[in-house]
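In what follows, a structure is listed as structure tokens, so that the remarks can point back to it.
None of the figures in this text is laboratory data; all of them are computed from the coordinates on show. Fair warning: this is a prediction, and the values are worked out from it, not measured in the lab.
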């Protein structure tokens, strides 16, 4: 199964991006996680550009079309989603291969519930299939864990592995949702 991992942060030291890189390292052999490389290259969404899409948008759409599922981690700013993730999703609004795409939403802070809710609402409006059993909050904010620390810390590594396993069951095997096994890791 091919999973496209999308970070809503452009920061070099982003905990959300580190979490997605840790997911790539912890993925089982049947799951290939690829980080979306064009997030920061996308121009601001402008419907006038849809006639001749910028190359970064063409690349994004090709990656989304070839992915079996998406894994999204994005911070919260001012009680909302980042402009980065909103811009990326705006480029996918009328993109047919996005419809019914299984998506897992990872949240690194229990306090970031506004952005988490807003992101889920946007994804539902765009007809994505949010895999709730794969969508978890892993309280990493302030934990001081690096990517290596996330991989080596058993509760976080377990949460990531279980999230990917749940996403695999729904996206690759077509099994029904089992409900969240651990909505919040402590």
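DSSP beta bridges fully contained in the chain are about 10 percent antiparallel. GNM on the chain, C-alpha springs below 10 Å: top fluctuator among 107, 46, 87? Judging by the Gaussian network model, the answer is 46. Taking every C-alpha pair closer than 8 Å and separated by at least 6 residues, the mean separation divided by the residue count of region 2-171 gives a relative contact order of 27 percent. In the chain, the DSSP-assigned H stretches of four residues or longer account for a calculated mean residue ellipticity at 222 nm of -12000 deg cm²/dmol, using -39500 (n - 2.57) per stretch and the full residue count as denominator. Considering only 58, 151, 170, the mean-square fluctuation computed in a Gaussian network model of the chain, springs between alpha carbons under 10 angstrom, is largest for 58. Most mobile of 25, 51, 11 per a Gaussian network model of the chain (Cα springs, under 10 Å)? So, out of 25, 51, 11, the one fluctuating most is 51.
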